[in-house]
Each structure stands twice: as structure tokens, then as C-alpha cells.
Amino acid sequence: MISQDLLKFIDKDTLDRFIHSFALATGIAVDINDSQGYPIAAYRDYYGFCRLIRSTPQGVQRCLESNAKVGYLAAATMGPVMESCHGGLTLLGAPIFIDQAYIGSIVCGQFHARQPSPSDISAMLQKTADLGLHRQELVENFMLMEVISPEKSQAACDIIQLVAGYIAELVYKSNMQQELAKQKLKAVEEAKARVELENALRTAELRGLQAQIRPHFLFNTFNTITRLITLGDTARALDITYALSGLLRFNLEQQEEVIPLKKEMVHVNNYLLIQQTRLGKRLSVNINLSDRLLDVLLPPLTIQPLVENACIHGIEPKEGLSTLTIIGRQTQKKAVIDIIDNGIGISEKALSEFAAFRESCLSSLRLHLPGRIGLRNVHRRLQLTFGQGYGLELHRLAKGTRVRVTLPVQPKSDLKEN
């Protein structure tokens, strides 16, 4: 059942790293549980009161039961909930859904939502009396647990719910799309229909590319969010979360073969918001695209991968300030968009390899593509969509790199079938 296969859709190592980083930054412990409440990725470095409780088998079992209960409540309400654990601390639960099916929960704990009162202490001692722990030690550690405001804890819970939920849904739908594409390709190959094979490959390539998000980018974004929370900048943390949500939703929901440039630029701006938050004053951005140009059609994930490539390979390795420029112009028949960075520049080897790839595309139908989003993939998808007169050009500048995108200016109904 899907509810028992969460780890097929979310990488456990990434989750474990995120849980550890998040706890160090915020002081909030995070467990990610399956639909039965069993932890598949759990915080291990409990301290103080929680460590005392978990030093007994009965205490561990009650902690698991508390987490599962909060997860069920969150699933029932289809949103975050706040409850007390069996020992009197605060728990926040958020459900994870795939295709509207509840597959697990995220539970945050190891803190007080307010300063505990004498009645809270009495209730705690009553609930833990049978664990055989020293009463004074329990009280001292209970009082020392951090008090985190409801606003901060709720923001933290919203962030991890949003991120984990979208990753799960994204990867699940990606797997489904790949399986459907394989079945269609097999049928076409058996029919020996070359034109149908090319069309099927084009669709499979586009869908597959839409489902890819670089793991290191996700983890870097997680770290940025947790750092902002630590600094008390919850508003900016939520801005980055919504930008990441937009990126993931674009990958998840985009089904059209071509979209207007203005829609692609929403995706680009979400990506740049995250990178500018990460890099701070090191990265400045200039975008100059006319309203007329924004109506030009292009395949989804054309500009954003080129911007990402410029950030990763040109700007991030460079010391000091860098500028990324996106500028375009349009004639009656063609639109040209340049992505320019003044980073460390592209190597002669990379230039010659891309030139050889472009030449091979002109002389043959190249069906095998590299496995990640990059210059070659974008170039080939542009040719599959519009024909061999369009695609990418790569230029080495005195300081940095320019990638030029050439597109047709024509109605969607007139697009060339390749």
C-alpha cells in the first residue's frame, strides 16, 4: 500500500540530514512518521526531560504513541495541529498526503509553547509516576525545556509540512509519469513507427525533465530556511518556503508542451529569490524583458535551468560580487534571450563539447540525452519543439558566460512537428 511506502518517495538520508540541521538551528526536534505512526526518520539527540523519559521502555513507547496520535489528528483535520504529549510538552503535527491519500506525518516537539505553571508540573508528575524516575530531576529538566512561541513553532511546522509534502508528491508523480512513458515507448517501438517514437520521446523527455529538482539545491534551501528561523526572521523564511513551493508545484503540475515566457519567468523569479537569499549581496540580478517578449512560447524549464547553471558553475565559485542578467529582444520571426553572468567563465573544453553536440543534433536524430537538466537537454528540447533552426548558443566573454536562446515568434497552433 502507498501509505506504507513513504521511503520510496522521499530519500531517508536527505530527511535525516534535514532533521538534524533543523533541530540544531531551531531547538525543535522533528520526527517523520508513516501512516501507522512509526518513525521512518527521527531525531536522535534528545536532551533534558525528553532524554529522561526516553531512558525507559515505557517512556519511549508513550512518546511514539503521542507522535502517532498527533499525526492522526493532523490527518483528520487535513492541516497542522498543536497538542500536548504524554509528558506535558508541546507537539505540533502536520500530515503528508500523496494524491489526497494520507501517507504519514511530521511531528515537532521537545519544547514548551508557554512557561509551565505549577499545575502543569503536577500533571506531569502524575503522568510519569509509574516510570520510576527521580521526581526532582524530572521537575528540574521539565522547567529547563525551551519555551518557543506558538508563532515560531507554527511557522516551523508549516515549512517542513510544505517541503516534505511537495517532495513526496513530486517524486511519486514523477515515478508514475516515467512508468507510463516506458509503456508508451515500448508499444511504439513494437510498431516500428519512427515518427511516433520521436513524438513519444519528446513527451517523455519533457515530463521527465519537469520532475527533476537537484537534491543539493533542496538541502541548501532547507539550511537557508532553518537559518532564517534561528535568526527570528520568520517572514523571510516563509517567503523562501513559498518560493520553493512554487518551484515544486511548477514541476509537479506543468503538463503543457509550451508555455508563455511570462509563466516561465515566475518559475525563474522563485529560483532567484532563493539564491539571492542564500548568497546575499554577492548576487545582483538584472532582468530586461519587454511585455511583447513575455508572450513568446517556449517549452517549460527552458530559462530556469540556464539560470541555475549560471549560478552553480559561474557565480557560486567566484569570490566577491556577481551579476546575472536576463535580457531579450524580438524581431518579426525570432525572439532572442540572453542569460549572462560575470562569473568564473566556461572552459574551452566545455565550449568545444557543446559545439560538437550541436553539430551532432544537425546531422542525426539523437535519442539519448544526459540524465540531468542542462544545456544539452534544453537545446535538444527546443529543437524537438520548434525545429533545427532554434536552440542554444554558448559564448565565452571577457568576464563570464553568455547563453543565447533563440525561439520562433509564432502562434502555438503553427508550431512545427519534428
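Here are the numbers:
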| quantity | calculated |
| --- | --- |
| Output for the range 140-155, where each listed residue is open to solvent by less than 30 Å² (accessible area, probe 1.4 Å) and in contact with a helix residue (DSSP H, G or I) (Cβ under 6 Å, 6 or more places away or on another chain) | Phe142, Met145, Ala155 |
| Number of the exception - Asp338 against (1) modelled with pLDDT under 90; (2) open to solvent by less than 30 Å² (accessible area, probe 1.4 Å); (3) not aliphatic (A, V, I, L, M) | (1) |
| The one condition in (1) under 23 Å from Tyr390 (Cβ atoms); (2) open to solvent by 40 Å² or more (accessible area, probe 1.4 Å); (3) part of a helix (DSSP H, G or I) that Glu264 fails to fulfil | (2) |
| Single residue of the range 140-150 satisfying the filter (in a loop (DSSP other than H, G, I, E, B) and in contact (Cβ under 8 Å) with a residue 40 or more places away in the chain) that is farthest from Asp233 (Cα to Cα) | Met145 |
| Restricting the range 380-410 to residues that are of a type in the set (Gly, Ala, Ser) and surrounded by fewer than 17 Cβ atoms within 10 Å (Cβ to Cβ), the residue that is farthest from Leu301 (Cα to Cα) | Ala398 |
| Meets criteria (under 22 Å from Leu283 (Cα atoms), among the acidic types (Asp, Glu), modelled with pLDDT under 90 and open to solvent by 80 Å² or more (accessible area, probe 1.4 Å)) for Glu359 | no |
| Qualifying residue in the range 378-388 (condition: modelled with pLDDT of 80 or more, outside any helix (DSSP H, G or I), within 21 Å of Thr331 (Cβ to Cβ) and of a type in the set (A, V, I, L, M)) | no |
| Selection count, the range 299-350, where residues are outside any strand (DSSP E or B), more than 17 Å from Leu273 (Cβ to Cβ), among the polar types (S, T, N, Q) and in contact (Cβ under 8 Å) with a residue 12 or more places away in the chain | 5 |
| Residues (farther than 20 Å from Ala335 by Cβ and open to solvent by 20 Å² or more (accessible area, probe 1.4 Å)) located in the range 280-307 | Gly280, Lys281, Arg282, Ser284, Val285 |
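The values are calculated or read from the model by the stated rules, or taken from the named source; none is laboratory data. Bear in mind that the values here come from a model prediction, so they are computed numbers and not experimental data. Note that we place each Cβ from the backbone using ideal geometry, even for glycine, and neighbour counts take in every protein chain shown. Each accessible area value is taken on the protein alone, full model and side chains, heavy atoms only, with ligands, DNA and RNA left out. Shrake-Rupley method; radii C 1.70, N 1.55, O 1.52, S 1.80 Å.
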